[in-house]
Amino acid sequence: MMNSSKIGPTHLQRRAYVYLRQSTPKQVAQNTESTVNQRAMQERLLNLGWRPDQITIVDSDLGCSGAEATARPGFQFLVTEVSLGRVGVVMGYDVSRLARNCRDWYHLIEICSIFDTLIADTDGVYHPSDFNDRLLLGLKGAMSEAELHSLKLRLDAGRLSKAKRGELVQHLPTGLVRAEHEGVVLDPDIHIQKSTRLIFDKFLELGSIRKVLFYFVRKGIKLPRRQHSGLEAGNVIWRSATAAAISSVLTNPAYAGAFVYGRRRGDRRKMIPGRPSTGRIRRCREDWITIVKDTYPAYISWETYEKVQDKIAVNRQRYDEHMRHKGAERNGEALLHGLVACRHCGRQMLVRYREGRGFEYVCFAMASGYAAKACQYITGRTIDDAVVREFMAALNQASIDGLTRVEVKRRTSDQQLTDQLGREVARCEYEARLAEKQFNKVDPDNRLVACTLEKRWEEKLAQLQVARDQLDEATAKMATSARDTIPTELRRAFLDLGKNLPELWPRLNNVRRKELLRTLVKQIHLLKRPKEGEAEVRIVWVGDHVTELVVGVPTLTRRNSRKEKDLLAEVCRLEERGLSDEAIAGELNRRGFRTCRQLEYNRQTVQQLRLRHRVLSPIEQVRRGSIPGFYKIPDLAKLVPIDPTWIYRLIGRGKIQIEQDRQYHCYLFDKESKPVEKIRMLLHGEVKQVSFTKGASRWLS
């Protein structure tokens, strides 16, 4: 190896690294000779004077492209070791193995120059601090990058040429396989074929992806998916249907027998480092590079495929139009349409009108994507009424002043935060400049101190960047909040409007009501608690002031809920005070209690509640037992003896004169008046009429 005279004792005292890289896993598996040649470089290091225990082979980047350093952990490890002053020489088969990108290549040269590290390849040994060697290394790096560009051009041209003939090998969708001698054929599994055809048949029948999804989920039909990577590579896995899986089948032209190339284009701005398949953007059908029909066996005809795509486009267009106009004021009954968001999933809630049953706010996010149950649905009338009440309360002077105080407080807090972050940025800038000065003043030969100072400098720069990002974020947030403030003219209008709006509100149409609500209300967040018969409503006002309240909403039942237990306890307390069911119902209504249908309580509903829980009032407990000193009609009938209905008939005819007790609402016969003897005399015809004085209430009092 040439130029071995550049190797000094300090280089031989440090470690030597042999860097191995191949571009793809396929090359690693098939082009094994390249790996052998790169590993043989350690023999040359032995000849140059390094001991075997000093040589380290970095092979963690086998199968990684050299276009970017972010996806090569081995290269990053190598740069770190060099910056720590532990490396005497970096050995690579050629420059293209170390880097295919001039930015990464010059960064490595710069680091090696600072820390007196050599770079070697099959042609010789280079010292990056030497101008001639640095110039030669730069030329080699530029040639390597140009070589990558020319290779890419040739490969792209060959790929495009094969694509135009329909001969380019692509991943086939589930339902198509490559036979060894027959080319592409339908999957021999009849189950897979039937499932794939069923997707197209049901879409043509039902007309939307969502309806097809619901059909597959309700029937329990699973969809096949052939794995192309991972532990299950090559196997077919049956999974539950999803909207994405159904859409991928319906939109893939391979099922219509067509070979298509160029359906997606890469966008480097959206690409994730180390994942070359990311950052893909779908192109319109008119922008596809090539379409070769009748290349594969077809599940549907090309005409049917175009019909399916047109139907999907129409459905998507309707959805996009709906979403674009979701906040527009319409004449529907729902006043909060376009403002309500679901607190389960964060999606926008829609309005569903029911004939004769008003409307409700519903969230179909899980239902439309996975055919699961809807997140929640809440009766809209009660929510609208609660928000309108809060809106009316916000229009008075106290609320406007409160909003002003909140706004001033928020501005003050934001300004304090911005000032604090500005001071933090100034401090980090000073510390970064100080670290830079310390690093520049250090003796380059004192590598240990220089390495520590460089690391400290990098840490200060990182802290400075974080502080700047926080300051920019806080400044942008403060600017956005400033735009959300209520103008002075609008405040005065609110004060005047708040005095007369409650009277004018019933005469306004729904469009005007919605416009007024949107002047103050920014968004509504809903969360339903079905077991409690309540909904948590979070109102976000303009200026980001938040009001939270709990609203009772209609439910099917409240049995075994906390709210019913509290209600039952209240009913028991009122009964202990001797109140009747009607009086209890009035007291419950006065305290704001409502039924599960949000109706007022009456005597029947209170009675049903008690009977369902087997709770008897003191009066009923006495009525079902015996009252000291008095006979009830059933007790008196047993002593006569006579049928109790006979006594009721004679009371109705006036032959037994007695009044019903006001407290117990039944007939009570005083034992002191000898009712048994009198009833017997009336029964045998000895007398035509008997009379009893009522004394139960008098006795109880």
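May I ask you to list pairs of residues, at least six apart or on different chains, whose Cβ atoms are under 7 Å apart, with the first in region 141-154 being within 15 Å of residue 97 (Cα to Cα) and polar (S, T, N, Q) and the second being open to solvent by less than 90 Å² (accessible area, probe 1.4 Å) and assigned to a helix (DSSP H, G or I)?
Pairs found: 144/95; 144/96.
Kindly indicate whether any position in region 147-163 is outside any helix (DSSP H, G or I) and modelled with pLDDT under 85.
Residues of region 147-163 outside any helix (DSSP H, G or I): none.
No, region 147-163 contains no residue that is outside any helix (DSSP H, G or I) and modelled with pLDDT under 85.
Inside region 228-265, can you point out the residues that are among the basic types (Lys, Arg) and part of a strand (DSSP E or B)? Don't jump to the end; show me each part of the working.
Initially, region 228-265 is screened for residues among the basic types (Lys, Arg), giving 239, 263-265.
239, 264, 265 - these are the residues of region 228-265 that are among the basic types (Lys, Arg) and part of a strand (DSSP E or B).
Taking residue 174, is it touching a helix residue (DSSP H, G or I) at 6+ places or on another chain (Cβ under 7 Å), part of a loop (DSSP other than H, G, I, E, B) and not basic (Lys, Arg)?
Working: touching a helix residue (DSSP H, G or I) at 6+ places or on another chain (Cβ under 7 Å): yes; part of a loop (DSSP other than H, G, I, E, B): yes; not basic (Lys, Arg): yes.
So residue 174 fits the description; yes.
Can you report the number of residues in region 480-522 which are open to solvent by 40 Å² or more (accessible area, probe 1.4 Å), modelled with pLDDT under 70 and not charged (D, E, K, R)?
So the answer is 9.
Among what's in region 442-473 and is under 40 Å from the mean Cα position of the chain (by Cα) and among the small types (Gly, Ala, Ser), pick the residue that is least open to solvent (accessible area, probe 1.4 Å).
Of everything passing the filter in region 442-473, 467 is least open to solvent (accessible area, probe 1.4 Å).
Any idea which of 225, 218 is within 16 Å of residue 240 (Cα to Cα) and outside any helix (DSSP H, G or I)?
Values: 218 fails: outside any helix (DSSP H, G or I).
One residue alone meets the criteria, 225.
Which numbered condition in (1) touching a residue at least 12 places away in the same chain (Cβ under 8 Å); (2) under 20 Å from residue 126 (Cβ atoms) is the only one that residue 5 fails?
(1)
Can you pull out the residues in region 54-86 that are under 19 Å from residue 11 (Cα atoms) and in contact with a helix residue (DSSP H, G or I) (Cβ under 7 Å, 6 or more places away or on another chain)?
55, 57, 58, 79, 82, 83, 84, 85
Tell me whether region 3-10 contains one or more residues that are within 19 Å of residue 137 (Cβ to Cβ), of a type in the set (A, V, I, L, M, F, W, C), open to solvent by 50 Å² or more (accessible area, probe 1.4 Å) and not in a helix (DSSP H, G or I). Lay out the reasoning, then the answer.
Taking region 3-10 first, the residues within 19 Å of residue 137 (Cβ to Cβ) are 3-8.
If we keep only those that are of a type in the set (A, V, I, L, M, F, W, C) as well, we get 7.
Filter once more, so that each one left must be open to solvent by 50 Å² or more (accessible area, probe 1.4 Å): none.
Taking every residue of region 3-10 in turn, none turns out to be within 19 Å of residue 137 (Cβ to Cβ), of a type in the set (A, V, I, L, M, F, W, C), open to solvent by 50 Å² or more (accessible area, probe 1.4 Å) and not in a helix (DSSP H, G or I).
Restricting the search to region 160-173, which residues are in contact (Cβ under 8 Å) with a residue 40 or more places away in the chain and touching a Leu at 6+ places or on another chain (Cβ under 8 Å)? Steps first, please.
Going residue by residue through region 160-173, those that are in contact (Cβ under 8 Å) with a residue 40 or more places away in the chain are 160, 163-166, 168, 170-173.
Hits for region 160-173: nothing passes.
Checking the structure you have, find out if any residue of region 153-163 is buried (at least 17 other Cβ atoms within 10 Å of the Cβ) and within 43 Å of the chain's Cα centre (by Cα).
Just the residues of region 153-163 that are buried (at least 17 other Cβ atoms within 10 Å of the Cβ), to begin with: 163.
The next check asks that each one be within 43 Å of the chain's Cα centre (by Cα); those that pass are 163.
For region 153-163, residues buried (at least 17 other Cβ atoms within 10 Å of the Cβ) and within 43 Å of the chain's Cα centre (by Cα): present.
Just name the residue that is farthest from the chain's Cα centre (by Cα) out of those in region 569-590 that are surrounded by fewer than 15 Cβ atoms within 10 Å (Cβ to Cβ) and modelled with pLDDT under 75.
578
Pairs please, first residue from region 241-266 and within 15 Å of residue 204 (Cβ to Cβ) and in contact (Cβ under 8 Å) with a residue 60 or more places away in the chain, second anywhere and in a loop (DSSP other than H, G, I, E, B) and aromatic (Phe, Trp, Tyr), Cβ atoms under 8 Å, 6+ apart in sequence or on different chains.
Taking only residues 6 or more apart or on different chains, the pairs are 255/299.
Consider residue 279 carefully, then state whether it is under 30 Å from residue 350 (Cα atoms), modelled with pLDDT under 75, open to solvent by less than 60 Å² (accessible area, probe 1.4 Å) and touching a helix residue (DSSP H, G or I) at 6+ places or on another chain (Cβ under 9 Å). Spell out how you get there, then give the answer.
Working: under 30 Å from residue 350 (Cα atoms): no; modelled with pLDDT under 75: yes; open to solvent by less than 60 Å² (accessible area, probe 1.4 Å): yes; touching a helix residue (DSSP H, G or I) at 6+ places or on another chain (Cβ under 9 Å): yes.
No; evaluated as a whole, the condition is false for this residue.
Given (1) closer than 30 Å to residue 373 by Cα; (2) free of Cβ contacts under 8 Å to residues at least 24 places away in the same chain; (3) out of contact with any helix residue (DSSP H, G or I) (no Cβ under 7 Å at 6 or more places or on another chain); (4) not hydrophobic (A, V, I, L, M, F, W, C), where does residue 197 come up short, assuming only one miss?
The single condition residue 197 does not satisfy is (2).
Got a number for residues in region 380-391 being in contact with a Phe, Trp or Tyr (Cβ under 8 Å, 6 or more places away or on another chain) and either open to solvent by 10 Å² or more (accessible area, probe 1.4 Å) or under 30 Å from residue 239 (Cα atoms) (or both)? Even if it seems obvious, please write down each step before you answer.
From region 380-391, those in contact with a Phe, Trp or Tyr (Cβ under 8 Å, 6 or more places away or on another chain) are 380-381, 383, 388; that's our starting set.
Now drop any that are not either open to solvent by 10 Å² or more (accessible area, probe 1.4 Å) or under 30 Å from residue 239 (Cα atoms) (or both), which leaves 381, 388.
The number of residues fulfilling the criteria is 2.
Looking at residue 200, is it outside any strand (DSSP E or B), at pLDDT below 85, on the phi < 0 side of the Ramachandran plot and surrounded by 14 or more Cβ atoms within 10 Å (Cβ to Cβ)? Lay out the reasoning, then the answer.
On the way: outside any strand (DSSP E or B): yes; at pLDDT below 85: no; on the phi < 0 side of the Ramachandran plot: yes; surrounded by 14 or more Cβ atoms within 10 Å (Cβ to Cβ): yes.
It is false that residue 200 is outside any strand (DSSP E or B), at pLDDT below 85, on the phi < 0 side of the Ramachandran plot and surrounded by 14 or more Cβ atoms within 10 Å (Cβ to Cβ).
State whether one or more residues within region 418-441 are open to solvent by less than 40 Å² (accessible area, probe 1.4 Å) and either at pLDDT below 70 or not hydrophobic (A, V, I, L, M, F, W, C) (or both).
yes
The values are calculated or read from the model by the stated rules, or taken from the named source; none is laboratory data. The structure presented is a predicted model; accordingly, all values stated were derived computationally and were not measured. Heads up, the Cβs are rebuilt from the backbone with ideal geometry, glycines too, and the neighbour counts pull from every protein chain shown. In case anyone asks, the SASA skips ligands and DNA or RNA and just uses the protein heavy atoms, side chains included. Shrake-Rupley method; radii C 1.70, N 1.55, O 1.52, S 1.80 Å.
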